[in-house]
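Visitor: Here it is, the structure in full.
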Amino acid sequence: MKINILASGSGGNCIALRNNETTVLIDAGIAKTKIEKRLLEAGIRPNTIKAIFITHAHKDHTKGLPLANKYHIPVYASEGEWKDISSVDKELTNILSLEGVLFDYEGFGEWIEIIPFQTHHDAFEPYGYVVQTEDMKVSICLDTGHIDSNMLEAMKDSNVYIIEANHDPKMVETSNYPDSVKSRILSDVGHLSNKQTAAALQKLVRGKGEKIYLAHLSSKNNMSSLAETTVVHALYKKGLKPGVDYEIEVV
């Protein structure tokens, strides 16, 4: 499976996952024209997208959904999140249960399965996703205030982890954000701190060459070097070294 992170952060999120000729998007949080441009730069024609899966209905994850209408792409989201999405033509809307969706192309020996898991964010019914093929498992965990045991169980044994490392709590506390915004970010339905992300990865990563993408970093309350160092230090305590036991990239 090939992964292209087309956008990540508070300005918008969009991830393309491709298994041979089958491509799905996780979120469409930047303008439609930008998604089209970045898809083409990645060698993906927009009219070949099989489906778009939405984590939750906040604009930095749904802004580009008119892409679905233009190319007649089915869009999947939880029943709760459809309450706050109005930009998709009705015939393209699909309510996604926790059973997930399997795209199986008989005769081609190709399949890709997308299974959601529940996360903790200030949205109606937010999801993270596990995307699987015959020989690869990718876990995508973006906006969530904490990671529980069910989430860890869903993500375990992945080859790739795309996970939020949103902020450093001290930077949030000393920022010029209103107190209400600070409380939201730091809450159990806000965003993951670097330390929370590191603690989760410490439980998940086994040192079998996994690839870690640290995503959705705050442009004001985090630094790429701080996020990476926090995770590397946590995994070092487990005896795992970057470039040897796993790979890590900040996006």
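The values are calculated or read from the model by the stated rules, or taken from the named source; none is laboratory data. What you are looking at is a predicted structure, and each value in this text was computed from that prediction instead of being measured. Please note: Cβ atoms are built from the backbone with ideal geometry, for glycine as well, and neighbour counts cover all protein chains shown.
Visitor: Checking the structure you have, find out if any residue of region 170-185 is surrounded by 14 or more Cβ atoms within 10 Å (Cβ to Cβ) and under 21 Å from I140 (Cα atoms).
Guide: Checked region 170-185: at least one residue is surrounded by 14 or more Cβ atoms within 10 Å (Cβ to Cβ) and under 21 Å from I140 (Cα atoms).
Visitor: Could you list, in sequence order, the residues of region 147-172 that are acidic (D, E) and in contact (Cβ under 8 Å) with a residue 12 or more places away in the chain?
Guide: Answer for region 147-172, where residues must be acidic (D, E) and in contact (Cβ under 8 Å) with a residue 12 or more places away in the chain: D148, D157, E164, D168.
Visitor: Here is a further query. In this structure, is A227 at pLDDT 95 or above and touching a Lys or Arg at 6+ places or on another chain (Cβ under 9 Å)?
Guide: no
Visitor: Select from region 17-42 the residues that are assigned to a loop (DSSP other than H, G, I, E, B) and at pLDDT 95 or above and write down the one among them that is nearest to A77 (Cα to Cα).
Guide: Here the residue is D27.
Visitor: I would also like to ask the following. Just checking, how many residues over region 24-46 are touching a Ser or Thr at 6+ places or on another chain (Cβ under 8 Å) and surrounded by fewer than 23 Cβ atoms within 10 Å (Cβ to Cβ)?
Guide: 1
Visitor: Continuing with this model, one more query. Condition first: assigned to a strand (DSSP E or B) and either β-branched (V, I, T) or surrounded by fewer than 14 Cβ atoms within 10 Å (Cβ to Cβ) (or both). Now tell me which residues in region 202-248 satisfy that.
Guide: Passing the criteria: I212, E247, I248.
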